[in-house]
Amino acid sequence: MASSYWLTRSCTWDCLLCKPHVDHNKQLALRNRPNWSRLLPQPLVIPKVMKLTTLADVRELMRHLPKGHRARSTWQHVEKQLNAAALSEVETIDVAVPLRLVLQLERVPCLPQ
């Protein structure tokens, strides 16, 4: 009896002890929202431009890039990793490393803090 109840529930096994009033669909939706406040492994400073400490900072930098730069495959890769990191699909190091490489390729001074 009890086992069939749990098999028909839409939640996962880790919430077996949840209270009945918990909205599991809402919790799942919140888990899938991007978290732009995730910290980079190490802050990066672009002198006289900005300090990059979170994914939101990297996103802001990307928004200010000229259209021609954003169209390059290198920046598109950084953007792809950025979006994946915001969704917690990859670690923030997977954003920081390609970002630093692209900045070096573009001859942008970038100092780790």
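Every number in this text was worked out from the coordinates using simple rules, so none of it is lab data. These numbers were taken from a predicted model, which means no experiment stands behind them. Cβ atoms come from the backbone with ideal geometry, glycine included; neighbour counts cover every protein chain shown.
Quick check: residue separation of Thr74 and Leu105 times 0.36 nm, minus the Cα distance between them. What number comes out in nm? Computed gain between Thr74 and Leu105 is 10.2 nm. Taken along the Cα-to-beta-carbon direction at a fixed 7 Å, the label points for Ala84 and Leu65 span 1.6 nm. Shape class of region 32-104 from the Cα gyration tensor (axes a ≥ b ≥ c, square roots of the eigenvalues): oblate, since a/c reaches 1.5 or more and a/b does not exceed b/c.
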